[in-house]
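Below you'll find the structure, written out as C-alpha cells, and then a few comments.
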Amino acid sequence: MALEIVIDREVCMGSGNCSFWAPNTFDLDDDGVAIVTDPVGDPEDKVILAGQGCPTQAISITRNGEKIV
Ligand code: SF4
C-alpha cells in the first residue's frame, strides 16, 4: 500500500525542504507552495524524511489511514 501524502497549503511556507529530500515526489508550484508530483517518486524512507523535515509540519503522511508523519 502506497503512502498517502497530503500538503496543507495554508501551512506550507515554501521552504523547499521537502523537494530537497525527495525531489521526485515534491515540488513547489508557481505560488511557491509545495505539491506532490509523484507519491511514489522516491523511496519511502526519503518521503518520510521529507515529511518529518518540514519546518511547519505542513506534510501529513498516512498508510491505510494510519498516521506516519
Ligand atoms: S518542507 Fe514544508 S514548508 Fe517547506 S516547501 Fe515542503 S511542505 Fe512547504
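Please report, as a whole percent, how much of the solvent-accessible surface of the chain comes from carbon and sulfur atoms (probe radius 1.4 Å).
Numbers: 2090 of 4170 Å².
Carbon and sulfur together cover 50 percent of it.
Using a 7 Å offset from the Cα along the Cα-to-Cβ direction at both V6 and L28, what is the distance between the two label points in nm, to one decimal?
2.5 nm
Taking the Cα centroid of segment 25-53 and of segment 55-69, what is the distance between the two, rounded to the nearest whole Å?
The two parts, judged by their Cα centres, are 12 Å apart.
Per the Kirkwood definition applied to all pairs of different Cα atoms, how many angstroms is the hydrodynamic radius of segment 4-67? List each step's numbers first, then the result.
Values: mean 1/r = 0.0884 Å⁻¹.
Computed over Cα pairs of segment 4-67, the Kirkwood hydrodynamic radius comes out at 11.3 Å.
The values are calculated or read from the model by the stated rules, or taken from the named source; none is laboratory data. From a predicted model like this one, the values you see are computed outputs, not experimental measurements. When we count neighbours, we look across all protein chains shown, and the Cβ atoms used for this are built from the backbone with ideal geometry, even at glycine. The protein model used for the area step is the full one, side chains on, heavy atoms only, and it has no ligands, DNA or RNA in it. Shrake-Rupley method; radii C 1.70, N 1.55, O 1.52, S 1.80 Å.
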